[in-house]
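Enquirer: Handing you this structure, nothing more for now.
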Amino acid sequence: MPTASTVKIAGASALAAAMLAAVSRPRAVGRLVRGIVTRAAGGPVYTPLPPPQKVKVALCQLHVTADKEQNLKTARKAIEDAAAAGAKLVVLPEMFNCPYSNDSFPTYAEDIEGGASGSVAALSAAAAAARVTLVAGSIPERCHGKLYNTCCVFDSRGKLLAKHRKVHLFDIDIPGKITFKESLTLSPGPGPTVVDTEAGRLGIGICYDIRFPELAQIYAARGCQVLIYPGAFNMTTGPVHWELLAKARAVDNQIFVLTCSPARNPDSSYQAWGHSTAVGPFAEVLATTEHAPATVLADLDYGQLAERRAAMPLRQQKRHDLYLLLDKTAP
Ligand SMILES: NC(=O)CC(=O)C(=O)O
């Protein structure tokens, strides 16, 4: 495995107390890029890729505690440090502002659409201050009496471009190992989220979403350049599946994949696997880390997407007489 490219981020430094109050209201949710994929009989019509560019990304594997304000401070510091290291696209972990537990989700949930989310205000301010595109992990969202596991995406002026609500809820029962049922508290999101940003066209999934290849295929067909999965795998599935799934989504779709986990916290009831990782379109690990707090830096060259797809033209070689991708939320 290639050497990890990490910048260790120490504990949060002093933070301007005004951070949470810095932005008055979150901006309206931006329109999502609706795909152009297809119900064509001959298989998907792939949306052309946006122009290639190079982007430095930072995956901030944060220490998450039960103290929401401290978690936001930690995130702010990591975003600042990532920007100082040259990152233009910064990713935070799943549920980075609260413990990953069904007991915590209702207590920590915030009303994003009603403009009452202190976390969104803080994240918007942090993205603007650091001038980065921010894929802000996820937070518990309350909306019309339901709770969601929601990822907000901000541009480098702090505008909320889009939000993705986890589509596939994490409901598993591996006897003697791990039982978790997000559906006890959370509702599933409505569908795919594609967002055009200064750092490229992004397809967003959250954790368990990475296990569903169809979602990644839809993103690839809609012209995404990178798939981003904030996630918190655990000590049972993480060692076996986390990197495998990131590589699988990358190699199937000849696309970049980024995963970003919380650091492992021995005091937490849920032990996160960590190992935030950047994978290239040939399934090569570009940069990774272990379980401690860290920021993983990687350079993405989107020009590699066309090169890899020309060298191995999987899209043209698909047998649409035998199988078909159907994007049911395409316009
Ligand atoms: N926590 C998740 O959503 C997913 C996970 O841990 C797994 O798929 O394993």
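The values are calculated or read from the model by the stated rules, or taken from the named source; none is laboratory data. Since we're looking at a predicted model, the values are computed, not measured. Neighbour counts run over all protein chains shown; Cβ positions are idealised from the backbone, glycine included. Surface accessibility is based on the protein's heavy atoms, side chains included, excluding ligands, DNA and RNA. Shrake-Rupley method; radii C 1.70, N 1.55, O 1.52, S 1.80 Å.
Enquirer: Within the chain, what whole-number % of the accessible surface is contributed by carbon and sulfur, with the 1.4 Å probe and all protein chains included in the calculation? It would help to have the intermediate numbers written out before the result.
Expert: Values: 7480 of 13570 Å².
Its accessible area is 55 percent carbon and sulfur atoms.
Enquirer: Sticking with this one: Suppose R0 equals 25 Å. What FRET efficiency, 1/(1 + (r/R0)^6) with r the Cβ-Cβ distance, do K146 and T329 give to the nearest 0.05?
Expert: Working: r = 19 Å, r/R0 = 0.77.
The pair K146/T329 has a calculated efficiency of 0.85.
Enquirer: Right, another one. For the chain, find the longest principal axis of its Cα atoms and tell me its angle to the long axis of helix 243-253, 0 to 90°, nearest 10.
Expert: In the chain, helix 243-253 runs at an angle near 40 degrees to the longest axis.
Enquirer: Over the chain, give the accessible area per residue in Å² for a 1.4 Å probe, as an integer.
Expert: On the way: 13570 Å² over 331 residues.
Spelled out: the 1.4 Å probe surface of the chain, per residue, equals 41 Å².
Enquirer: Only helical DSSP H runs with n ≥ 4 go in: add -39500 (n - 2.57) per run for the chain, normalise by residue count and round the 222 nm mean residue ellipticity to 500 deg cm²/dmol.
Expert: Details: 7 runs with 68 residues, N = 331.
Value at 222 nm, helices only: -6000 deg cm²/dmol.
Enquirer: Tell me, what is the FRET efficiency for L322 and L244 to the nearest 0.05, using R0 = 35 angstrom and their Cβ-Cβ distance as r? Mind dumping the intermediate values first?
Expert: Numbers: r = 26 Å, r/R0 = 0.73.
So, using R0 = 35 Å, E works out to roughly 0.85.
Enquirer: If you count only protein heavy atoms and use a 1.4 Å probe, how large is the accessible surface of V240, to the nearest 10 Å²?
Expert: For V240, the solvent-accessible surface is approximately 90 Å².
Enquirer: Follow-up question, since we're still on this one. If I take R0 = 22 Å and measure r between the Cβ atoms of Q53 and E307 in this structure, what FRET efficiency does the formula 1/(1 + (r/R0)^6) give, to the nearest 0.05? Kindly include the intermediate steps, with their values, before the conclusion.
Expert: On the way: r = 14 Å, r/R0 = 0.65.
Calculated value: 0.95.
Enquirer: With a/c under 1.5 counting as rounded, go ahead and sort region 188-331 into rounded, prolate or oblate using the C-alpha gyration tensor (a ≥ b ≥ c being the square roots of the eigenvalues; past the cut-off, prolate if a/b is larger than b/c, else oblate). The partial results should precede the final answer.
Expert: Working: a/c = 1.90, a/b = 1.55, b/c = 1.22.
Prolate, because a/c is 1.5 or more and a/b exceeds b/c.
Enquirer: Label region 77-315 by shape, choosing from rounded, prolate and oblate, from the square roots a ≥ b ≥ c of the eigenvalues of the Cα gyration tensor; if a/c is under 1.5 it is rounded, and otherwise prolate applies when a/b is larger than b/c, oblate when it is not.
Expert: Details: a/c = 1.45, a/b = 1.18, b/c = 1.23.
Cα axes put region 77-315 in the rounded bin.
Enquirer: Full extension from E198 to K181: what is 0.36 nm times the residue separation minus their Cα-Cα distance, to one decimal in nm?
Expert: Working: separation 17, 0.36 × 17 = 6.12 nm, distance 3.60 nm.
Stretched out fully, the E198 to K181 stretch lengthens by 2.5 nm.
Enquirer: Then there is this: Out of region 195-273, which chymotrypsin sites (Phe, Trp or Tyr not before Pro) are coil in DSSP terms and have no more than 13 other C-beta atoms within 10 Å?
Expert: none
Enquirer: Taking H as built 1.01 Å from N, whose amide H comes closer than 5 Å to the amide H of M235, not counting residues under 5 places away?
Expert: Sorted by chain and number, the residues that satisfy this are Q271.
Enquirer: Run the simple label-point estimate for R157 and E214 please: 7 Å along Cα→C-beta, distance reported in nm.
Expert: Those two pseudo-labels are separated by 3.8 nm.
Enquirer: May I pose another question? Using only Cα atoms, locate the centre of region 46-99 and the centre of region 231-295, then give the distance between them in Å, rounded to an integer.
Expert: Each part reduced to its Cα centre gives a spacing of 14 Å.
Enquirer: Something else now. Heavy atoms of the protein only, probe of 1.4 Å, neighbouring chains included. What is the accessible area of Y148 in Å², nearest 10?
Expert: 20 Å²
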